[in-house]
Amino acid sequence: MDGVLADTAAQFREWYFRESGIRLGPNAFDGLPEDECLPDGAVRRYLYQPNFFRTTPLVPGAQEAIAELMEQFDVYIVSAAMEFPNSLAEKLDWLREHFPFISWHNIIFCGTKAIINTDYMVDDHVKNLDRFPGKTFLFTAPHNLKVRHHQRVSSWEEAIRALKTELAFSYRGNSL
């Protein structure tokens, strides 16, 4: 969810600007580990703050892409939402606001995505994709720019194209 549907990099930049007065450009985090992209432990600090997850902006094209995918796939939104105290409730509220067409039956909050066994996974973290038994798509994020061992998609438009190429898109019964 984070980094794929919710633009956490943009949220980190915005919160850092509000705290420091320093505006960082969209490429400021390129190639840096996510937890090291801001000084003084700011990333971890923000993750524990109320409203961090609730107010994160959407990744462009995410709503339209998920709606399109739901026409052909059983789509599940999966988030490892257990580590940060505010995360679970805020992410559920965020999903209800931005993706009201997704049933609560299709939302999975867990401690680790290693339990997920769908046909496809789109994620920005290699740690989730490396353990996944199905077909993986690495959603481009500043922290994963050096990764080469998963099929990369850099936008939701590109993800839709990759999924259509991977499978006869009209086949029903696959899950994402």
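The values are calculated or read from the model by the stated rules, or taken from the named source; none is laboratory data. Computed from a prediction, not measured in an experiment: that's the story for all the values here. Positions of Cβ are generated from backbone atoms using ideal geometry, with glycine treated the same way; all protein chains shown enter the neighbour counts.
Structure values in brief
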{"quantity": "Number of the exception - residue 103 against (1) loosely packed, with under 13 Cβ neighbours inside 10 Å; (2) closer than 22 Å to residue 127 by Cα", "calculated": "(2)"}
{"quantity": "Which numbered condition residue 35 misses (of (1) touching a helix residue (DSSP H, G or I) at 6+ places or on another chain (Cβ under 6 Å); (2) of a type outside the set (A, V, I, L, M, F, W, C); (3) more than 23 Å from residue 147 (Cα to Cα))", "calculated": "(3)"}
{"quantity": "All helices (runs of 4 or more DSSP H) inside the range 30-117 with 1 or more residues being farther than 17 Å from residue 3 by Cα, of a type in the set (S, T, N, Q) and modelled with pLDDT under 95", "calculated": "none"}
{"quantity": "Residue pairs meeting the criteria (Cβ under 6 Å; at least 6 apart or on separate chains; first under 19 Å from residue 121 (Cβ atoms), in the range 1-27; second modelled with pLDDT of 95 or more and aromatic (Phe, Trp, Tyr))", "calculated": "4/139"}
{"quantity": "Residue in the range 45-59 that is touching a residue at least 60 places away in the same chain (Cβ under 8 Å) and either over 14 Å from residue 11 (Cα atoms) or of a type outside the set (Asp, Glu) (or both) present", "calculated": "yes"}
